[in-house]
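Nothing in this text is a laboratory measurement; each read-out follows from the coordinates by a stated rule. Worth saying up front: this structure is predicted, and the values here are computed from it rather than measured. In this analysis, Cβ positions are derived from the backbone assuming ideal geometry, glycine residues included, and neighbour counts consider all displayed protein chains.
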Amino acid sequence: MIAPEIVLEIRRHLAEAKLSQRQIARLTGISRATVGAIASGRRPDYEPRVRDDEPERPQGPAVRCPGCGGRVYLPCRLCRVRAIKRRERERQKHLARFVASCARS
Ligand SMILES: [Zn+2]
């Protein structure tokens, strides 16, 4: 894996368009094929990955959670985990029912 700052440097050189890909490769010590891949956008894997399933950092003072009644930083992690577990149980129940109905017919 190439260090993200190298990739950024390569992108910068590409954007400036003053050097050839071969020259950029020599300058950065990265293979020309890789520079070409970055140029053509075939290496999008160095963008910072933002996880959108992660709740935001707690903000403000702890408050009374309307879900579980605990003093928590919202969003309440306990309620979130309970909701996930509840969904998981529901899924298992539906699956069991489905399997049972298949066995009957
Ligand atoms: Zn809660």
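Annotations for the structure displayed:
- Label positions at GLU5 and ARG77, each projected 7 Å from the Cα along the C-beta direction, are separated by 3.2 nm.
- Most to least packed among 29-39, 89-99, 12-22, 67-77 [average Cβ atoms within 10 Å]: 29-39, 67-77, 12-22, 89-99
- The alpha carbon convex hull volume per residue for the stretch 63-104 rounds to 50 Å³.
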